[in-house]
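One structure is given below, encoded as structure tokens.
The values are calculated or read from the model by the stated rules, or taken from the named source; none is laboratory data. The model shown is predicted, which means the values in this text are computed figures rather than measured ones. A quick note on method: Cβ atoms are made from the backbone with ideal geometry, for glycine too, and the neighbour counts reach across all protein chains shown.
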Amino acid sequence: MDMLIAPSILSADFSDLGRELGRVPNADLVHVDVMDNHFVPNMTLGLPVVRRLVEVSDRPVDVHLMIEDPDRWAPGFAEAGAASVTFHAEATSAPVRLARQLRDLGCRAGVALRPASPVEPFLDLLAEIDMVLVMTVEPGFGGQSFIEGTLPKVRRTRAAIDAGGHDVWVQVDGGVDPGTIGRVAQAGANVFVAGSAVYGTDDPAAAVDELRRLARSAVAD
């Protein structure tokens, strides 16, 4: 299981996203947060910008929808060419139907969980999804501190995936930096969203390499 680093453009310079993508050529994914100011108290960017990012990025685009009614809106992001689309468990009314629709459109389907949301209702549905995103901060804003209490959820998720023999990624998002990535890697995560820990540095590409090294080292010990 390799360790995948997904820099979040939420922490990048929105005035020149094309250039910002070019600063992380070694990223495994480019993470794009879509917020609607309803599901979370913040608004970012929407489908037209994501479509353009897909066109100019040489890295797969990983879309995280923090929006109401993803059952209606999520398929459009798959049609735009996103490599993966993750919707929130708390916002969907038909998660299996939506995941199947996203897969039929050719992208990976992910389910995201707020820090206080239990993963157990979804453990019997792991065959229907490609990724579980465990939020390690409250969704809506970048730069928050990592919530240590989310680590047991990451462990339970990984244990269920391994026990069932599922090919499902475990992604973490929020407060991932050189001081925390080792612990979440040891807990079972293999996809790490990092915003300020990448774009807040003088050399984002070097930061990506260092985060990947730390994650790999943590599971090799």
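Worth pointing out:
Residues checked against (1) under 26 Å from H166 (Cβ atoms); (2) touching a Ser or Thr at 6+ places or on another chain (Cβ under 6 Å):
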| site | (1), (2) |
| --- | --- |
| A80 | no, no |
| S84 | yes, no |
| A91 | yes, no |
| A94 | yes, no |
| R108 | yes, yes |
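- Hey, P118 touching a strand residue (DSSP E or B) at 6+ places or on another chain (Cβ under 6 Å) and in a loop (DSSP other than H, G, I, E, B) or not: no
- Residues that are in contact with a strand residue (DSSP E or B) (Cβ under 8 Å, 6 or more places away or on another chain), under 21 Å from V191 (Cβ atoms) and either of a type in the set (D, E) or without any contact (Cβ under 8 Å) to a residue 24 or more places away in the chain (or both), drawn from the stretch 14-44: D28, D33
- The residue that is surrounded by the fewest Cβ atoms within 10 Å (Cβ to Cβ), among those in the stretch 130-163 that are over 14 Å from the mean Cα position of the chain (by Cα), without any contact (Cβ under 8 Å) to a residue 60 or more places away in the chain and part of a loop (DSSP other than H, G, I, E, B), is S145.
- Residue check for R72: of a type in the set (K, R) and touching a residue at least 24 places away in the same chain (Cβ under 8 Å): no
- Restricted to the stretch 63-92, and to residues there that are assigned to a loop (DSSP other than H, G, I, E, B) and β-branched (V, I, T), the residue that is farthest from L10 (Cα to Cα) is T92.
- Residue in the stretch 10-18 that is at pLDDT 95 or above, surrounded by fewer than 17 Cβ atoms within 10 Å (Cβ to Cβ) and not in a loop (DSSP other than H, G, I, E, B) present: no
- Contacts under 9 angstrom Cβ, first residue in the stretch 85-99 being at pLDDT 95 or above, partner among the basic types (K, R) and part of a strand (DSSP E or B), 6 or more apart: V85/R108; T86/R108
- Going through (1) closer than 25 Å to V24 by Cα; (2) buried (at least 17 other Cβ atoms within 10 Å of the Cβ); (3) of a type outside the set (A, V, I, L, M) one by one, W73 falls short only on (1).
- Selection within the stretch 180-205: residues that are of a type in the set (V, I, T) and assigned to a helix (DSSP H, G or I). The member of this set that is nearest to V32 (Cα to Cα) is V198.
- Those residues of the stretch 58-69 which are more than 11 Å from H31 (Cα to Cα), surrounded by 15 or more Cβ atoms within 10 Å (Cβ to Cβ) and free of Cβ contacts under 8 Å to residues at least 40 places away in the same chain, in sequence order: I67, E68, D69
- Candidate set: the stretch 37-51, residues that are within 17 Å of the chain's Cα centre (by Cα) and of a type in the set (V, I, T); chosen: the one nearest to A74 (Cα to Cα): V50
- Residue count for the stretch 165-185, restricted to those that are surrounded by 13 or more Cβ atoms within 10 Å (Cβ to Cβ) and either of a type outside the set (A, V, I, L, M) or farther than 19 Å from A116 by Cα (or both): 14
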